[in-house]
Amino acid sequence: MKVSGFTIVRNAIKYDYPVVESICSILPLCDEMVVAVGNSDDGTRVLVESIGSDKIRILDTVWDESLRKGGEVLAVETNKAFDAISPESTWAVYIQADEVLHEASYEILRKAMETRKDHPEVEGFVFDYRHFFGSYDFIADSRDWYRREVRIIRNNKAIRSYKDAQGFRREGKKLNVKTTCAVMCHYGWVKPPESIRSKLEYFHTLWHDKEWMEKNREQAGSFDYSQIDSLSRFNGTHPETMKKRIAEKNWEFTFDPTKKKFPPVARMLHAIEKVTGWRVGEYKNYKIAK
């Protein structure tokens with residue numbers, strides 16, 4: 001069984017993406033790693049090269065910034081990386097540049113892929129998510145944050161990245177997947193406030209034209225961490241590849257996790273989930289295979 005990894009990245013240094021930590025976190029699972037490096041102006045390609053792994057193959061790409069509907073360019077770039085993996089691979093592990101896989105998940109995923117490699121009805125596997133917010137000490141835990149997503153797919157080119165590359169579909173249909181206990185840590189919202197503002201303004205350019213950006217410049221460039229509806233304190237362990245970055249954190253973020261900012265219905269639904277584990281009306285971008 002051969003396993004490929006794939007990801008996309010552009011301007012990782014400018015927008016402070018933990019892409020080195022991200023790539024290194026899945027390398028132990030992979031026989032090869034395709035990194036689609038978009039046209040950057042900050043040395044991102046050199047940064048990826050600095051990892052120094054002979055498993056990594058860089059695919060140089062140019063992002064079509066006219067593809068703004070729903071962040072379509074992100075899916076197009078993701079498909080370029082997926083299409084470039086070895087045809088000999090059974091599975092493909094996908095990771096985004098602000099995600100880091102916890103090493104405690106390696107054996108879980110190896111066993112899952114090996115067990116299901118000859119079961120074509122299983123098209124992928126979903127991971128559990130921890131969405132860190134503000135700092136490495138807090139997790140966003142409201143209904144606004146997805147709990148699971150597909151991050152391993154079968155090497156079937158009928159499978160395509162979906163919408164803004166959050167998940168995948170096959171011929172427009174949700175994938176049949178198996179659950180795992182694998183843990184993916186999402187660090188996209190862990191940055192100093194000024195870095196978050198820069199990242200958000202950049203991301204708005206992937207969804208909106210110049211006219212919209214001019215009209216909404218203040219909205220696009222502002223961010224207030226204190227407006228989050230619900231956080232819980234994190235008392236677990238971070239992935240090994242993140243330890244150096246965490247030790248170098250140079251900003252402070254404080255939050256009282258007992259203070260919730262929910263409207264009445266959302267408060268009730270949040271309480272039900274905390275007591276029962278059931279998220280009422282949860283959207284799932286996949287189907288659990290029997």
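Would you work out if the chain is rounded, prolate or oblate? Take a ≥ b ≥ c from the square roots of the eigenvalues of the alpha-carbon gyration tensor; rounded if a/c is under 1.5, else prolate when a/b is larger than b/c, oblate otherwise. Each step should come with its number before you reach the end.
Numbers: a/c = 1.42, a/b = 1.15, b/c = 1.23.
Rounded.
Sorting M33, M1 on the 10 Å Cβ count, fewest up front, what's the list?
On the way: M33 27, M1 12.
The order, fewest Cβ neighbours first, is M1, M33.
Pulled fully out, how much extra length does the chain show between A84 and I58, if you take 0.36 nm times their separation in residues and subtract their Cα-Cα distance?
On the way: separation 26, 0.36 × 26 = 9.36 nm, distance 0.99 nm.
Gain on extension, A84 to I58, equals 8.4 nm.
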Furthest towards positive pole of dipole, F132, V46, S142, structure part the chain, Cβ charges: S142
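Gain in length, L67 to E49, computed as 0.36 nm per residue apart minus the alpha-carbon separation, to one decimal in nm?
Values: separation 18, 0.36 × 18 = 6.48 nm, distance 2.80 nm.
Stretched out fully, the L67 to E49 stretch lengthens by 3.7 nm.
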Under a GNM of the chain (C-alpha, springs under 10 Å), which listed residue has the highest mean-square fluctuation: P264, P192, P18? P264
What residue among I85, F234, F262 has its Cα farthest toward the positive end of the dipole of the chain, where the charges are +1 on Lys, Arg and -1 on Asp, Glu, each on the Cβ? F262
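Fully extended, how many nm does the chain gain between R233 and V280 (0.36 nm per residue separation, minus their Cα-Cα distance)? Don't jump to the answer; show the numbers that get you there.
Values: separation 47, 0.36 × 47 = 16.92 nm, distance 2.32 nm.
Length gained between R233 and V280: 14.6 nm.
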Please list the non-local residues whose amide H lies under 5 Å from the amide H of A12, H modeled 1.01 Å from N, same-chain partners needing a gap of 5 or more. T44
Estimated distance in nm for a label pair at K259 and R197, the labels positioned 7 Å out from Cα along Cα-to-Cβ: 2.1 nm
Residues in the stretch 160-188 reached by a label modelled at K111 [backbone nitrogen below 19 Å; 7 Å Cα→Cβ]: 178-184
Residues T179 and R267, FRET efficiency given R0 of 30 Å [Cβ-Cβ distance, rounded to 0.05]: 0.60
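Which of rounded, prolate or oblate describes the stretch 233-290 when judged by the alpha-carbon gyration tensor and an a/c cut-off of 1.5? Write out the running numbers ahead of the final one.
Values: a/c = 2.95, a/b = 1.40, b/c = 2.10.
Cα axes put the stretch 233-290 in the oblate bin.
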Sticking with the crude label model, points 7 Å out along Cα→Cβ, report the distance from K2 to E240 in nm, one decimal please. 2.7 nm
Run the reach check for K259 against lysines, Cα to Cα strictly under 18 Å, same-chain hits fewer than 8 apart removed. What comes back? K274
Can you tell me how the stretch 65-180 classifies by the Cα gyration tensor, rounded, prolate or oblate, using a/c under 1.5 as the rounded cut? oblate
Counting DSSP beta bridges in the chain, what percent are antiparallel, to the nearest 5? 45 percent
Could you list, in their original order, any pairs among K178/K284; K199/K243; K111/K244; K80/K284; K2/K111 whose Cα atoms are separated by more than 19 Å? K199/K243; K111/K244; K80/K284
What residues have an amide H closer than 5 Å to that of G124, excluding those fewer than 5 places away on the same chain, when H is modeled at 1.01 Å from N in the peptide plane? R154, K178
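Each reported figure results from applying straightforward, stated rules to the coordinates on display, with no laboratory input. Keep in mind the model is a prediction, meaning the values are calculated, not measured. So basically every Cβ, Gly included, is an ideal-geometry build from the backbone, and we count neighbours across all protein chains shown.
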